[in-house]
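Participant: Structure incoming, see below.
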């Protein structure tokens, strides 16, 4: 594959070029689209001509401004389905846009690479915002000076291994209400509220791959009830496997006692409260410079 071969072809005047898009989801599934009237194939990807996908003009700059474009396509079972969009399976997917000589696909040039931004649906079609690589530079950088931990449980800064026994459970769904409330008759071995603020990941069934956050976790003689903050965007049925991980409320005490991970606590538990600014010595108090509480 050489871009020069494509440039030589463009210099002929009469050209046989088309656009090709490759979209790679977080789960590794790859989708190929082209605006040519026949399917194309290269780099192990089949680019479908019947996808109904079209794209706007590319906006690219030589500075640090974010390159962007928009893709519009029809919702179909063969390509992007409405269910996949609602389930968030295309959120953050990466993509590549090629200009290719459909008569000789070895002559092609990569024009655009980035990730999917806002993805909307309506009227039997989807609209996807395409963001260039410089979008990553738009993310906030640095740390926040706060009492609570600034890390995410199990990430590279927290370093806690959620694979340890006692901090995650894989169970089969028994009773589900509104794809939000899950009841388990046999789910002991974990304290009451152990999973609050934790991750709830669906491992099988129609909602496989969807991750939510636990709002409430109650243990009683009747069993365990796990409630999510919002209903899952795909149906969950009895028998589907889910993984529920212990939750963290970002407090230093929780990090020390529940996870035994205070060495990696990423907050400032001794930061003075707001009342520190208005505090003053009084005769009845102990003015020895010690802690205020």
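The values are calculated or read from the model by the stated rules, or taken from the named source; none is laboratory data. All of these numbers come straight from a predicted model, not from anything done at the bench. Backbone-built Cβ (ideal geometry, glycine too); neighbour counts: all protein chains shown.
Participant: Considering each of 56, 76, 50 in turn, give the residue that is modelled with pLDDT under 85 and under 19 Å from residue 129 (Cβ atoms). Walk me through how you get there before you give the answer.
Facilitator: Working: 76 fails: under 19 Å from residue 129 (Cβ atoms); 50 fails: under 19 Å from residue 129 (Cβ atoms).
Only one candidate qualifies: 56.
Participant: Now for a different question. Could you list, in sequence order, all residues of the range 17-38 that are out of contact with any strand residue (DSSP E or B) (no Cβ under 6 Å at 6 or more places or on another chain), over 16 Å from residue 111 (Cα atoms) and either surrounded by fewer than 12 Cβ atoms within 10 Å (Cβ to Cβ) or modelled with pLDDT of 85 or more (or both)? Show your work before the answer.
Facilitator: Taking the range 17-38 as the starting set, the residues that turn out to be out of contact with any strand residue (DSSP E or B) (no Cβ under 6 Å at 6 or more places or on another chain) are 19, 25-29, 37-38.
Next, only the ones that are over 16 Å from residue 111 (Cα atoms) stay: 25-29, 37-38.
Scanning the range 17-38 gives 25, 27, 28, 29, 37, 38.
Participant: Confirm whether residue 267 is crowded, with 16+ Cβ neighbours inside 10 Å, closer than 30 Å to residue 142 by Cα and over 20 Å from the mean Cα position of the chain (by Cα).
Facilitator: On the way: crowded, with 16+ Cβ neighbours inside 10 Å: yes; closer than 30 Å to residue 142 by Cα: yes; over 20 Å from the mean Cα position of the chain (by Cα): yes.
The answer is yes for residue 267.
Participant: Taking the stated definitions as given, is residue 213 surrounded by 15 or more Cβ atoms within 10 Å (Cβ to Cβ) and part of a strand (DSSP E or B)?
Facilitator: For residue 213, the condition - surrounded by 15 or more Cβ atoms within 10 Å (Cβ to Cβ) and part of a strand (DSSP E or B) - is not met.
Participant: Could you pull out the residue among 71, 106 that is touching a strand residue (DSSP E or B) at 6+ places or on another chain (Cβ under 9 Å) and modelled with pLDDT under 70? Let's see the steps before the verdict.
Facilitator: Working: 106 fails: modelled with pLDDT under 70.
Of 71, 106, the one residue that is touching a strand residue (DSSP E or B) at 6+ places or on another chain (Cβ under 9 Å) and modelled with pLDDT under 70 is 71.
Participant: Would you kindly identify the strands (runs of 3 or more DSSP E) lying entirely within the range 111-197 that contain at least 1 residues that are within 30 Å of residue 17 (Cα to Cα), modelled with pLDDT under 75 and in contact with a strand residue (DSSP E or B) (Cβ under 8 Å, 6 or more places away or on another chain)? First the steps, then the outcome.
Facilitator: On the way: elements: 125-132, 168-172, 175-177, 181-184.
So the answer is 125-132.
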